Every structure is written in structure tokens, then in C-alpha cells.
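K.L.:
Sharing a structure with you now.
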Amino acid sequence: MAAAMAEAQKGDAPTEAREEPRYTVRKREDTRWWEVLDPAGELVCLTVYRRGGREVVRRLSP
């Protein structure tokens with residue numbers, strides 16, 4: 001009985017997963033430029049390469 005109760009409690013335990021605001025990297029249409037947008041949708045920067053955009057996001061993330 002105690003083992004079943006422990007298993008039931010294990011599944012119901014709240015997890016503390018806080019959602020961090022995320023920057024996004026998106027390709028501009030009909031150009032070679034990639035834009036980095038903040039969580040509010042504001043433009044942070046433009047890069048020529050997607051890899052550069054990802055690096056900007058990595059450096060801005062906590």
C-alpha cells in the first residue's frame with residue numbers, strides 16, 4: 001500500500017519549470033539576412049548567417 005502511494009505521489013509532484021522568454025532567429029523573406037527578435041517581437045539585430053544569429057541569442061540568454 002505504501003509503495004503504491006509513493007508511486008502516485010511521484011507522478012503528481014509539481015515541477016518547477018519556469019518559462020524563460022525566448023529570442024528567435026528568423027530569415028527575412030527574399031533576402032539573405034537573418035533577424036534576431038526579442039520576446040516582444042522587437043528587432044534586436046540582423047546577421048548574414050544563421051549561425052551568427054544563434055550566437056547573439058546564446059550571448060543574450062541568461
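Values quoted throughout were computed directly from the atomic coordinates according to the rules given, and no laboratory measurement underlies them. On a predicted model such as this, the values are computed, not experimentally measured, just so you know. Reconstructed Cβ throughout: ideal geometry from the backbone, glycine too, with neighbour counts over all protein chains shown.
K.L.:
Can you compute 3J(HN,Hα) from phi for each residue in segment 30-41, using the Karplus curve 6.51 cos²θ - 1.76 cosθ + 1.60 with θ = phi - 60°, rounded to whole Hz and x for Gly and Pro?
P.N.:
My calculation for segment 30-41 gives 6, 9, 9, 8, 10, 10, 9, 10, 7, x, 7, x Hz in order.
K.L.:
If we count every other residue with Cβ under 11 angstrom of R50's Cβ, Lys/Arg +1 and Asp/Glu -1, where does the sum land?
P.N.:
Once all neighbours under 11 Å are counted, the net charge is +3.
K.L.:
Please get the size of the charge dipole for segment 21-62, origin at its Cα centre, with Cβ charges of +1 on Lys and Arg and -1 on Asp and Glu, quoted in debye to the nearest 20.
P.N.:
Working: 10 positive and 6 negative charges, 57 e Å.
Using only the charged Cβ atoms, the result is roughly 280 debye.
K.L.:
For segment 21-62, evaluate the Debye formula with one uniform point scatterer on each Cα (no solvent term) and list log10 I(q)/I(0) at q = 0.14, 0.21, 0.25, 0.27 Å⁻¹, rounded to two decimals.
P.N.:
Values returned for q = 0.14, 0.21, 0.25, 0.27 Å⁻¹ are -0.26, -0.56, -0.77, -0.89.
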